[in-house]
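Undergrad: Here it is, the structure in full.
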Amino acid sequence: MDIKDLLIKNNYITSEEYEKLEDKAKQISSSIEELVIGRSIITEDQLGELVTKEYSIPHISLIHKTIDADIVKILPEKIAIEKKIIAFDRTESTLKIGMTNPRDINTIEFVKKGTGYMVDPYFITELSFFEGLKMYKTSIKEELKNIIEKNEKATKGLKGNDADALPIINITDTILEYAKTMGASDIHIEPLEERAIIRYRIDGILHDQAMYSLDIHKAVVARIKILSNLKIDEHRLPQDGRFKTTLNDQDISFRVSTMPVYFGEVIVARLLEDNAKAYNLEALGFRNRDLEVIKDSIKRTVGMILVTGPTGSGKSTTLYTILSQINTPEVNINTVEDPIEYTMPRVNQTQVSTGIGLTFATGLRSFLRQDPDIIMVGEIRDNETADIAINAAMTGHLVLSTLHTNDSSGAIPRLIDMQVESFLVASTLNVVIAQRLVRKLCNTCKKEYKMDPKALKILDEQYNKKGVNKKIENNKYYKAVGCEYCNNGYKGRIGIYEILEIDDKIKELITKKESGEIIQKIAQENGMSLMIEDGLAKATEGITSIEEVLRVVKE
C-alpha cells in the first residue's frame, strides 16, 4: 500500500513533510501510519476512505469492535502476527479478513488454501490490527508449550534414538518454527536434572519457553544432529554443524553447537537468514555526524575501517551493511569469516577452517593474490593477522574488520600491542566504530515520564564518570511497561555508537603512542560523541530507555 502517494495526492501532507516523518519513523522504529494518525494529520476513518476510493477495497475499524473468538482463531495467532491480518467475520463460504496490505495477493491465496474459505479482504490500519490481536487469548508461548506437550504424550514408548519418529519431528520443527515467529536469534535446549528446558534469546535476553522430558530431549538432540550432519553416537565431545530449512516461506540457516554437560547434551542453534537483510546505515541507528563520518569513510578506496565491541554487539551486521553499500560491479570483494553468517551476491566469502590451516591470516595472505579491491576479515585476533591487514590497507585496499575492545579509542593501543608500528596505524586507519545493541521500547505500551531530581543527579554523576562533559537535562524520558505484543516492554534492537574519525590531530597522537584516554579526550573536543551520549539521545526520543542504555554501557 503506497500511503505516501495517497496522503500527498489528497493534500494531507507535502512531500517534504512526508520525508521528515519518514526519517522520524526510522529513528523511533515506528510506522508512517502510526505517526500520521497519532499527530492528527489524518484520522483512521479518513485513511480508510482514501484506500477505498483509490483501490476499491472496503475499510473497517476493529477498534471497539467485538469479534467472535472462534472466527479470530480460524487464523493462528502466529500467522496473524506474521502477515498482519485479522479474521473478523464469516459466512458459510467466505472469510472476511482485515489486512494492513489488502493488495497482497500471495497472503490472500495463502489464507484460501489454509482455511478452505473464499477470502473477502478489508483494509485495516495498524492500530486496528493491534486491537484485533487482543482477541487472541492464548499467547504464542502458550501455544508452543501446548503443541510440545501434545506431541510429548504421543512419544510414550519411544527410545532416545527414535529421532525419525513423527512426534519427535513435530516437536523439533515446532521449536524451530516458533523461534523464527517470535524473532529469536538463538535457541537454547538444555538438560536439567529432571526435565529439559527450551529457551529463546529474543532481543539479546534469554526467555524460558517450555520444558519436556529428558527422554524426549535425547531424541530431539539426535534429530538436530541428523539435520546438521553430525555424529549422533558422539556424546562426549562438542560438535559444530549447520543446516538449512524453510520457515514461513523464508530460507533460514541454523548454526548448531552441541556441548556435553552433566545431565546430557546442550544444543544451541543460531538463526541466520540465508541472505543478508537489506539494512541501511540509518536503520542500524547511525545519525547526524556519525552517519556522515561513516559515509565518507566507505567512499575511500584504501585504508581500514574497524568495528569494536563485545560478542553479540552487532559488529557483523554493521560490516555486512557497509559491504552492501559498496558492493558494486566495479569492485572485487573477498571476505574470510568465522563463521559465514550471511551470504552476499558478488562477494567471494571464505570460511575459516583451522583444522586444515585456513586461518584469518592465511586467508588474508591468499586474498592479496586474488586482485581484491575490498577485503573483510572477520576478526583481528593475533599479531600476524593485524600485520597483514595493515599492510593490505597500505597497498591499495579497503580493509574492514572487527576487534574486541570496549571503546573506539581502545582499538589503537590494542593494535600497537599486536606489534603494529604506531605510524602504520596512523597512516592506514580511517575510522573506528564502537557499538552496543540496546533493546527498543515497544511503541504500543511505552510510557512517558520525567525523572525526579534525585535520580537525575545520580544519572548525571554516572555520565560524567564515563566522560560526558555536559549536564544531563530533565527531558521527557520513556520507560518499559509490557504488553501482549512485546517482551517486557521491549521489541527489537538498535545500535548505539561511538565513531572515532582518524583526522590529522588523532594521527599525530597515535604516532606519539598517546594513551586511549588522551585520544578519546581530543576526539571529544573535535566533536565525537561517546556511546553513552548516543544512548541518551535515543532515550530522550523514546527509542530506548535509560535503564537499557546503562545495562549495556558498563564501566
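The values are calculated or read from the model by the stated rules, or taken from the named source; none is laboratory data. Bear in mind the structure is a predicted one, so any value in this text is a computation, not a measurement. Positions of Cβ are backbone-derived with ideal geometry, glycine not excepted, and every protein chain shown enters the neighbour counts. What goes into the accessible areas is simple: the full protein's heavy atoms, side chains included, and nothing from ligands, DNA or RNA. Shrake-Rupley method; radii C 1.70, N 1.55, O 1.52, S 1.80 Å.
Undergrad: Among the residues of segment 439-455, which ones are at pLDDT 85 or above and either of a type in the set (Lys, Arg) or not in a strand (DSSP E or B) (or both)?
TA: ARG439, LYS440, CYS442, LYS446, LYS447
Undergrad: Here's another thing I want to ask about it. Name every residue in segment 245-293 that is within 26 Å of HIS217 (Cβ to Cβ), of a type in the set (A, V, I, L, M, F, W, C), at pLDDT below 90 and within 16 Å of the chain's Cα centre (by Cα), in order of residue number.
TA: ILE252, LEU272
Undergrad: Further question on the same structure: In segment 390-400, how many are open to solvent by less than 10 Å² (accessible area, probe 1.4 Å), out of contact with any helix residue (DSSP H, G or I) (no Cβ under 6 Å at 6 or more places or on another chain) and small (Gly, Ala, Ser)?
TA: Residues that pass the stated criteria total 1.
Undergrad: For segment 537-552, indicate whether the set of residues that are touching a helix residue (DSSP H, G or I) at 6+ places or on another chain (Cβ under 9 Å), open to solvent by 50 Å² or more (accessible area, probe 1.4 Å) and either of a type in the set (Gly, Ala, Ser) or within 15 Å of GLN435 (Cα to Cα) (or both) is non-empty.
TA: yes
Undergrad: Keeping to segment 347-362, report how many residues are under 24 Å from THR321 (Cα atoms) and more than 28 Å from the chain's Cα centre (by Cα).
TA: 1
Residue-wise test of (1) at pLDDT 90 or above; (2) among the hydroxyl-bearing types (Ser, Thr, Tyr); (3) farther than 24 Å from CYS442 by Cβ.
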{"position": "ILE41", "(1), (2), (3)": "no, no, no"}
{"position": "LEU50", "(1), (2), (3)": "no, no, yes"}
{"position": "PRO76", "(1), (2), (3)": "no, no, no"}
{"position": "THR107", "(1), (2), (3)": "yes, yes, yes"}
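Undergrad: Now for a separate question. Inside segment 108-144, can you point out the residues that are open to solvent by less than 30 Å² (accessible area, probe 1.4 Å), closer than 18 Å to ILE71 by Cβ and part of a helix (DSSP H, G or I)?
TA: ILE108, VAL111, SER128, PHE129, GLY132, LEU133
Undergrad: Kindly indicate which of ASP373, ASP382, ASP407, ASP387 is open to solvent by 10 Å² or more (accessible area, probe 1.4 Å) and either of a type in the set (A, V, I, L, M) or touching a strand residue (DSSP E or B) at 6+ places or on another chain (Cβ under 6 Å) (or both).
TA: ASP407
Undergrad: Now for a different question. Please return the ranges of helices (runs of 4 or more DSSP H) entirely within segment 1-106 where 2 or more residues are among the acidic types (Asp, Glu).
TA: Per the criteria, 15-28, 32-38, 44-55, 77-83.
Undergrad: Further, regarding this structure: Run down ILE267, ILE294 and say which single residue is closer than 26 Å to GLN524 by Cα and open to solvent by less than 40 Å² (accessible area, probe 1.4 Å).
TA: ILE294
Undergrad: Out of curiosity, is MET376 aliphatic (A, V, I, L, M), farther than 22 Å from ARG436 by Cβ and at pLDDT 90 or above?
TA: For MET376, the condition - aliphatic (A, V, I, L, M), farther than 22 Å from ARG436 by Cβ and at pLDDT 90 or above - is not met.
Undergrad: Moving to a separate point now. Of the residues ARG242, ARG255, ARG195, which single one is open to solvent by 30 Å² or more (accessible area, probe 1.4 Å) and touching a helix residue (DSSP H, G or I) at 6+ places or on another chain (Cβ under 7 Å)?
TA: The match here is ARG195.
Undergrad: Scan segment 145-154 and tell me whether some residue there is under 28 Å from the mean Cα position of the chain (by Cα), in contact (Cβ under 8 Å) with a residue 60 or more places away in the chain and outside any strand (DSSP E or B).
TA: yes
Undergrad: Condition first: of a type in the set (Ser, Thr, Tyr) and at pLDDT below 85. Can you find one or more residues in segment 456-464 that meet it?
TA: Yes, segment 456-464 contains at least one residue that is of a type in the set (Ser, Thr, Tyr) and at pLDDT below 85.
Undergrad: When ASN488 is evaluated against the numbered criteria (1) more than 17 Å from LYS440 (Cβ to Cβ); (2) out of contact with any Asp or Glu (no Cβ under 7 Å at 6 or more places or on another chain), which criterion, by number, is the only one it fails?
TA: Condition (1) is where ASN488 drops out.
Undergrad: Condition test on ILE519, is it open to solvent by less than 40 Å² (accessible area, probe 1.4 Å) and either of a type in the set (Phe, Trp, Tyr) or over 21 Å from VAL432 (Cα atoms) (or both)?
TA: So ILE519 fails the test.
Undergrad: Pick from segment 319-370 the residues that are polar (S, T, N, Q) and assigned to a loop (DSSP other than H, G, I, E, B): which of them is surrounded by the fewest Cβ atoms within 10 Å (Cβ to Cβ)?
TA: THR328
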